[in-house]
Every structure is written in C-alpha cells, then in structure tokens.
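Visitor: The structure is given below, and queries will be raised subsequently.
What follows is calculated from the coordinates using simple rules that are stated; it is not laboratory data. What you are looking at is a predicted structure, and each value in this text was computed from that prediction instead of being measured. We place every Cβ from the backbone using ideal geometry, glycine too, and count neighbours over all the protein chains shown.
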Amino acid sequence: MSITQDLSGGPALTQERRVVTEIPGPKSRELMARKQAAVADGVGAVLPVFVERAGGAVIEDVDGNRLIDFGSGIAVTSVGNSAEAVVRRATEQLHRFTHTCAMVTPYEGYVAVCEELAAVTPGDHAKKSALFNSGAEAVENAVKIARTHTGRQAIVVFEHGYHGRTNLTMALTAKNMPYKHGFGPFAPEIYRVPVAYPYRWLTGAENCAQEAADQVIDHITKQIGAENTAAVIIEPLLGEGGFIEPARGFLPRIAEFARENGIVFVADEIQSGFCRTGQWFACDDEGVVPDLITTAKGIAGGMPLAAVTGRAEIMDSAHTGGLGGTYGGNPVACAAALGAIETMRELDLAARARRIEEVMKPRLLQLAEEFPAIGEVRGRGAMLAVELVRPGSKEPDAELTAAVARRCHQAGLLVLTCGTYGNVLRFLPPLVIGEELLNEGIDILREAFAAA
C-alpha cells in the first residue's frame, strides 16, 4: 500500500500518525470556543479536535495532527474517508442536479440503489426498498410497514438495543442517558424483552441462547400476545448497547418464532451492515433471513442515506404516498452509495474485515491476559470491542473506560466507547486500513491501558 494513499484510492493523505501539538491543539480549542457560543450544548463531541481533511484511516485536524481512525464516523466511512469511487460518482451527480425530490420527479440513481440492495441483502426472495435520510428514519418506517402489513400494533425490542433518537426510536432504544433522558413521554405499544448476552447471563454462557429465547417467546406469548405483535426488531450484533454478540442459536430461534406467528422479523443492520462484520450483513453469520432489514451508516461512504429493504409483499403493504420524505434518497447520496458498494465489491471489503479481525482479535486477547480489567473481548470482523470491569468481578468500570479512551485520544488514536453501562471500548476501523496502522493503533491502546 502506498503510504500516501489509502486502499480505496482516496485522497493523497499520508497514512501515518503524527502528533505535533497537544490534543486538542490551540486551533481546535479556538474553534471549540466558537462552537460553545453558537451550537446547542446538547450536541456533544467525543474528541474536540476540528477536522481539516481525512483520507483512508487517517484524520488530520486543523493543528496538523494526524490521528489513526478507529471509529469511522461510527461505522460510516467503511470504504475510507473520501473514497475515490464515492467522490467520483457524487461529483458527477452534483454537476447534473442536486435535488428534485424522488416523490416528485424520480431519477435512476434511486432505482439503482434499490436494485443493489435487493442483490446484497440476505435471501433470494423478491425484494423492494424505500430510501430515507437516517437510520432512525429507516427503523421508524420499518415499524410503519410492519404495522400496515400485519394490522397489529405491538413492537418487540430487546434489552441493550439502540435504534435512534426520534420519539418512536427513543422508545425502541434501551439506554436512558444520553438518548432518552428527559425527552418523554414516548410512543406506546413498545415491549422490551431479554437479549442473549453471554458474558452477563446469570446461569452461564452455555445456557444463554436457549434460556433467553425461552424467556422472549414466553413474554411475547403470555404478556403481549403473538397475535397482537406486528414486529420483532433486533440488531444481529448490538451496537451502542456494547457490541454484544447474541449467543449462537438465539437469532434463528426468534426469527423462526416470528415466522410461525406472522410477526415481521426486522434486522437493524445500521451499524453492522455493509461488510463490517466480515460478511455483507451480520445476520448472514447464522443464515438468518429477515423479513425487513434497515441500513444506513456504511451505505454511502459518508453521505446521508438509509433504507428499508424487505420482502416485496410486505414492502408493498403501505399505500402509495405513505412512505417517503423530501430528501429521502437524495440523488447525490444515491450516487455516493453506488460508489461505496462498487468499492466494497472491487476490494472485497468483507474479506478485508475478516483480516482485520485476524490481526486485532489475538492482540486484544493478549491485552486481556495482561490487564485483568478487560472482562471480555468480543465482536466479529472490524466490529470489535472490549468490556472493562473491576478485576475479580463483572462490575462495570466506566471510569477506567473513559480514562483509557482519553489517553488514546491524546496519543493520536480515535476510539469510541459504548455500552449500557458505559464500560465498553469499541473499535470500528475503516475496512481499508493498512495493517501497520492497525497494529500501531493497538500498540497505543496497550500503552493507554498501562498508563490508566
């Protein structure tokens, strides 16, 4: 790999870490003062450095520091920042037109994205899609479609799940702070059930899948009524809740129960989709074929786009005009999505995600042996995490998690935290990252643990 260009053919930005000032530097601090004066306090910043440019797996700030990116804008720039095909296609579209509203005068790009989604999402059944702006919009519209299709109202979601920040998707989301606190009342007819979380299952990981599925099915049958349930919505690999991998066998059993009872099974693949976990979609891992799948984040290389894709007969349940939005499926975002999918295919980024796991996971497991505060290493592909606890227990250690993240940031490595208890460090490097940069990032992580 050229040191001046990332694997996706992105801009000539040296793929190396460079720390030339303290982080954040003086120019970033000046901009932060302007932000505090002009931007609502509710809009936070994980790392208060202001970006000048970015390419591949490197972010350069206004002070000239270059950071290794283990966040990908929360799993968005999987193809690398400013990937060549994304920039090329989006630029060509910008010169043609920027907007007409697909509901007023449609355009080919919208149709082409829906065709690609039918090709890459799980299952060989007839599929259709509708395009939106954000993951929350996609989930909300999946609920609308499922309710229309079934004539039912109840929606079942899972502990530790995250689905968005709109009123309905806040109701679907489990974690209170910062997503829900003070923003209620929330939408009704939402029911939360246990998820198969092996590390924290009280009777042990070996019992987790069966016992959790039994509890879910019993809860739906006895307390909600399967005949009242429109949809079951789950992340096949939970994101904000802590990168939880449901115990194997849990997802297929819930999907089977849903199918047997006429319940729409919705896979929320907004964070886990588009090659992130080593396959096109996380539910491919156990051969689960959802009725509806929601996507966003990695779909368009950084441009705002989201989708609901599913069985044609379910997607067609909504009346004409019932789905849409002024900006949904914007032509520039559609062009970017076609460029991102082109890049995923040409570079086989699913295989690249698997290689990232091969490099990262053994090193994370070594860290777990060295530092007892690492309770578990988990995840798949380039969606990996460590859960931090107080040694000798499973008590979450959010303070240590924050301290390690701060030290990584100061050393020029961008990492993110997550988890219901705030005690999970998650790693989402761009799938085009070079292995030298990947290993350097883990070296910094180790130093941060040792210091913290």
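Visitor: Pop the C-beta distance of Thr203 and Val46 into the FRET formula with R0 = 45 Å and round what comes out to the nearest 0.05.
Guide: According to the calculation, E is roughly 0.80.
Visitor: While we're here: Given axes a ≥ b ≥ c from the Cα gyration tensor, I'd like to know whether the stretch 85-347 is rounded (a/c under 1.5), prolate (a/b larger than b/c) or oblate.
Guide: Prolate is the answer for the stretch 85-347, as a/c is 1.5 or above and a/b outweighs b/c.
Visitor: Binning every alpha carbon pair distance of the stretch 279-380 at 10 Å from zero, what are the percents per bin?
Guide: Calculated over all Cα pairs of the stretch 279-380, the distribution is 12, 28, 31, 18, 8, 2 percent.
Visitor: If you don't mind, there's one more thing I want to ask. What dipole magnitude, in Debye to the nearest 20, does the chain give about its Cα centre under +1 on Lys/Arg Cβ and -1 on Asp/Glu Cβ?
Guide: 800 debye
Visitor: What area, in nm² and to one decimal, does the C-alpha convex hull of the stretch 334-382 cast on average over all directions?
Guide: Its Cα hull, projected and averaged over all orientations, spans 4.3 nm².
Visitor: Oh, and also: Regarding the stretch 305-349, what's the average projected area of the Cα-atom convex hull, expressed in nm²?
Guide: 4.1 nm²
Visitor: Over the stretch 330-452, one equal point on each Cα, no solvent: what is log10 I(q)/I(0) by the Debye formula at q = 0.09, 0.10, 0.13, 0.15 Å⁻¹?
Guide: Here the Debye-derived log intensity ratios amount to -0.29, -0.35, -0.56, -0.70.
Visitor: Another question, if that's okay. Of the options His149, His160, Val43, report the single residue whose Cα projects farthest towards the positive end of the charge dipole of the chain (beta-carbon charges: Lys, Arg +1; Asp, Glu -1).
Guide: Value computed over the given set: Val43.
Visitor: Please work out the Cα center distance from the stretch 377-429 to the stretch 272-290, rounded to the nearest Å.
Guide: 23 Å
Visitor: Something else now. Quick check on the chain: helices-only [θ] at 222 nm, where DSSP H runs of length 4 and up contribute -39,500 (n - 2.57) each and the sum goes over total residues. Nearest 500, please.
Guide: Computed mean residue ellipticity for the chain: -11500 deg cm²/dmol.
Visitor: For the stretch 74-217, what is the largest minus smallest coordinate of the Cα atoms on each principal axis, given in angstrom and ordered from greatest to least?
Guide: The Cα atoms of the stretch 74-217 stretch 59, 38, 33 Å along the principal axes, largest first.
Visitor: Still on this model: Place a +1 charge on the Cβ of each Lys and Arg in the stretch 247-393 and a -1 charge on the Cβ of each Asp and Glu, then give the dipole magnitude about the Cα centre in debye, rounded to the nearest 20.
Guide: Rounded to the nearest 20 debye, it is 320 debye.
Visitor: Roughly how big is the stretch 85-347's charge dipole about its Cα centre, with Cβ charges of +1 (Lys, Arg) and -1 (Asp, Glu), in debye to the nearest 20?
Guide: So the dipole magnitude of the stretch 85-347 works out to roughly 680 debye.
Visitor: What's the local net charge at His95, with K and R +1, D and E -1, over the other residues with C-beta under 15 Å away?
Guide: Neighbour charge sum, excluding His95 itself: +2.
Visitor: Oh, and also: Restricting to the chain, compute how many DSSP beta bridges are antiparallel as a %, nearest 5.
Guide: Antiparallel bridges make up about 65 percent of those DSSP assigns within the chain.
Visitor: Using the Cβ atoms and a cut-off under 10 Å, what net charge is assigned to the surroundings of Lys361, where Lys and Arg are +1 and Asp and Glu are -1?
Guide: +1
Visitor: Okay, next question. Amide H of Gly375: which non-local residues (sequence gap of 5 or more, or other chain) have their own amide H closer than 5 Å, using H built in the peptide plane?
Guide: Sorted by chain and number, the residues that satisfy this are Glu387, Leu388, Val389.
Visitor: Sticking with this one: With unit charges on the beta carbon (Lys/Arg positive, Asp/Glu negative), name the residue among Thr173, Ile217, Met344 whose Cα is farthest towards the positive pole of the charge dipole of the stretch 85-347.
Guide: Thr173
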